[in-house]
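Below is one structure; the comments refer to it alone.
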Amino acid sequence: MRWSIIALHFTSLVIGALPYPVYAMFRSDFSAKFRRFYEHVGWPSAAVMAMLIAAELVFMYLQARNGMHSEMERKLNQAVK
């Protein structure tokens, strides 16, 4: 797997998780209405983020497995010729 893809996965994790510590640090500066909204959508958004990260890991595994099978098929085809 290329390092650029790994960097993009890490970047998506950081960007997805960034709102939570930002809110924790600056919550006293927000209005009460915004705090209620943020706290109302906080858990559902965290659940969606966790599912997206899990899906990303599954797709990375599937991509690596397919790449391994393709490489094995290519090597076998070269050996037969």
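The values are calculated or read from the model by the stated rules, or taken from the named source; none is laboratory data. In this text, all values refer to a predicted model and were calculated from it rather than measured experimentally. Neighbour counts run over all protein chains shown; Cβ positions are idealised from the backbone, glycine included. Heavy atoms of the whole protein, side chains included, go into the accessibility calculation; ligands, DNA and RNA do not. Shrake-Rupley method; radii C 1.70, N 1.55, O 1.52, S 1.80 Å.
Take the chain with all the other protein chains still there, run a 1.4 Å probe, and you get 86 Å² of accessible area per residue. About the centre of its Cα atoms, the chain shows a dipole size close to 100 debye [charges on the beta carbon of Lys, Arg (+1) and Asp, Glu (-1) only; nearest 20 debye]. Counting only DSSP H runs of at least 4 residues, each contributing -39500 (n - 2.57), and dividing by the residue count of the chain, the helix-based mean residue ellipticity at 222 nm comes to -31500 deg cm²/dmol.
Taking square-rooted eigenvalues a ≥ b ≥ c of the alpha carbon gyration tensor, is the chain rounded, prolate or oblate, where a/c under 1.5 means rounded and, failing that, a/b exceeding b/c means prolate? Walk me through the numbers before you get to the answer.
On the way: a/c = 8.83, a/b = 3.64, b/c = 2.42.
In terms of gyration-tensor shape, prolate.
Computed from phi, the 3J(HN,Hα) profile of segment 38-45 under the Karplus parametrisation 6.51, -1.76, 1.60 (θ = phi - 60°) reads 4, 6, 5, 9, x, 5, x, 5 Hz, with x in place of Gly and Pro.
Using the Karplus relation 6.51 cos²θ - 1.76 cosθ + 1.60 with θ = phi - 60°, the per-residue 3J(HN,Hα) values for segment 66-81 come to 5, x, 5, 5, 5, 5, 5, 4, 5, 5, 5, 5, 5, 5, 6, 6 Hz, with x marking Gly and Pro.
Here segment 33-74 has 73 percent of its accessible surface on carbon and sulfur atoms, given a 1.4 Å probe and all protein chains in place.
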